[in-house]
Each structure stands twice: as structure tokens, then as C-alpha cells.
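The values are calculated or read from the model by the stated rules, or taken from the named source; none is laboratory data. Everything quoted here is computed from the prediction, not taken from an experiment. Cβ placement follows ideal geometry from the backbone for every residue including glycine, while neighbour counts extend to all protein chains displayed. The protein model used for the area step is the full one, side chains on, heavy atoms only, and it has no ligands, DNA or RNA in it. Shrake-Rupley method; radii C 1.70, N 1.55, O 1.52, S 1.80 Å.
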Amino acid sequence: MQKLAQILIDQSHRQAWTLDSELASKINPANPADASYAKMAEAASSAGFGVSGFSTGPITKDALAGFDVFVLPHASTDDWEKTIGVGSPILSKDEISVLKDFVSQGGGLVVLGETEQPKYGNNFSELTEVFGVKIANETVQDSIENLKDVATWIKADLQKSFEHDLSFKVRETAFYRSGVLEILDEIKVEVIAQSSPSAYPAEAPLVAAIKHGMGRVVVLADSDVFGDDSIDELDNKN
């Protein structure tokens, strides 16, 4: 059966998330689910998508050939997070240029940020700023609209639009120690999820979508939303 799309998930830039359950157990022996995207990959595959991991690096035009979407999970230096231990969390200028061209020519790009983004030592915001979005240094808290009475497990307000109506399948979703996004280009960037009015910061962008050339970019301010220990909560999986 032909796949809906071929998804390539980066595992070559010291990601804090792995598709390999066995490796997740080594990264976080006490709670492997907090380092694993195995359930996300399984859910995408079950929904009709082809899912592959990319562990050979660097990101080149040839490496992306035949793929429709490239996913860049949160990455870190080893000072801050246990990681897959492969590669550098710094994208080269050539890699950023390749990804920009990939999107311009019709590819999809998903970038997963994190709370207090700058401290982790990756330069993923340098990539997203090419498309008009900065991953800012913040941790959102919400004492009212949250999950399980944890102020840093915030419930997102979904923004309806003709282009990106997440509420088609998603009614509630949670972000876990989320950062925020700073919108640099108000014209081409569309906010599709934000913090609630009761949060601090209030009504701050959490997910943004951008049309760029023939392709699209989605940036999230949290990476735990798709982790094995979170993906089955609310409508996160959808």
C-alpha cells in the first residue's frame, strides 16, 4: 500500500529523543518513556505514513531525497540532557540552507523546541528564524488550565483557521514544561496553538505553521507532547 507521506526523523544531532526503545532504556533507565518517540513512530506508521530514522548525518539534499517531511526533535549538549550520543546539536550553515531549500521545493519541516531553549546548546531557533519564528527562552505556567493540577503541564488553546484547523481531530492537548514562540513575521506565520488567558505568559504562541515556497513548516515550543509517557494523554496522539 502506498504511504500517505514518507517521514524522516533526525537522530543525528544529539537528540534527547530516540525511536529505539532499547536505546531509550540506556538514556533514561528509570523512565525510558521520557526519552522515547517509539509510540509516535508506531502511531504515524499505523495511520499510513512511512517513518524512518536518520542517524548518518549531515543533512544533505541526497539524504532528504524521497522524503516528504523532515522532523527535527529537541537536541542538547550532554551537560543538560541525556542524549542519543550521536553528532552535534548544532546545525551547520549548509544544513540550514539544505532544509530551507527542501521546504521551498515542497517539503514539510517539523521542529520541536523546548522550555528554556537557549540553555541546551542547540541552534534550532537559528533554523526556525529563517521562516519567521524564534523559539524563545521561557517556561509557561498555568494554575487553572493545566493537566493533573501541575502548573507547568499546560493545556493549549487551539486556534481555528481554514488552513490549520487542529480541532478536526484534537479537542484538548497538553504541553509539558513548554517554552514559547516569538513570531517574527506576522504576515506569513500562523499561530495554531497558544497558552490560555490564565497562563503566564498569557496567550503566548506554542505552535506555529508557516507556508514557505511550495512547502510548510511547523514549529512547536515543547517536545514532550509526543513522548511515550505523554502521547496517550488527551488528544496528543492525534
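How would region 1-90 be classified by its alpha-carbon gyration tensor: rounded, prolate or oblate, with rounded meaning a/c under 1.5 and the a/b versus b/c comparison settling the rest? In terms of gyration-tensor shape, oblate.
Less than 11 Å Cβ to Cβ from Leu147, Lys/Arg counted +1 and Asp/Glu -1: what total charge do the surrounding residues give? List each step's numbers first, then the result.
Details: positive: Lys148, Lys155; negative: Asp142, Glu145, Asp149, Glu172, Glu233.
Around Leu147, the charge tally is -3.
Counting only protein heavy atoms and a 1.4 Å probe, the chain has 48 square angstrom of accessible area per residue.
Less than 5 angstrom separates the built amide H of Leu19 from those of Tyr37, all sequence-distant by 5 or more or on a different chain.
Using a probe of 1.4 angstrom, how much of the accessible area of the chain is carbon and sulfur, in percent? Before the final figure, lay out the partial values.
Numbers: 5660 of 11320 Å².
Here it works out to 50 percent.
The GNM of the chain, with springs linking C-alpha atoms under 10 angstrom apart, assigns the highest mean-square fluctuation among Phe124, Phe49, Phe226 to Phe49.
Exposed loop sites here are GluC sites (Glu not before Pro) in DSSP loop states with at most 11 other C-beta atoms within 10 Å. What is the longest stretch of the chain lacking them?
On the way: sites that count: Glu163, Glu186.
It works out to 1-162.
For Arg14, the solvent-accessible surface with a 1.4 Å probe is about 50 Å², rounded to the nearest 10. Around the Cα centre of the chain, unit charges on the Cβ atoms of Lys, Arg, Asp and Glu (plus for the first two, minus for the last two) sum to a dipole of about 520 debye.
Please give the net charge around Tyr200, taking every other residue with its beta carbon less than 13 angstrom from that of Tyr200, where Lys and Arg add +1 and Asp and Glu add -1.
Details: positive: none; negative: Glu138, Asp142, Glu145, Glu203.
Residues near Tyr200 contribute -4 overall.
Is the shape of region 50-131 best called rounded, prolate or oblate, per the rule: a/c under 1.5 gives rounded, else a/b larger than b/c gives prolate, else oblate, with a ≥ b ≥ c the square roots of the Cα gyration tensor eigenvalues? It is prolate, given that a/c is not under 1.5 and a/b is the larger ratio. Among the trypsin sites (Lys or Arg not before Pro) within region 30-103, those in coil by DSSP and having at most 15 neighbouring Cβ atoms inside 10 Å are Lys82. All other residues whose Cβ lies under 14 angstrom from that of Ala30 are scored, Lys and Arg at +1 and Asp and Glu at -1, for a net of -1. Starting from the Cα gyration tensor of the chain, take the square roots of the eigenvalues, sort them a ≥ b ≥ c, and report rounded, prolate or oblate (rounded when a/c is under 1.5, otherwise prolate if a/b is larger than b/c, else oblate). Verdict is rounded for the chain.
For Trp153, Trp17, Trp80, what's the largest-to-smallest order of accessible area, 1.4 Å probe?
Numbers: Trp153 80, Trp17 5, Trp80 140 Å².
Greatest to least solvent exposure: Trp80, Trp153, Trp17.
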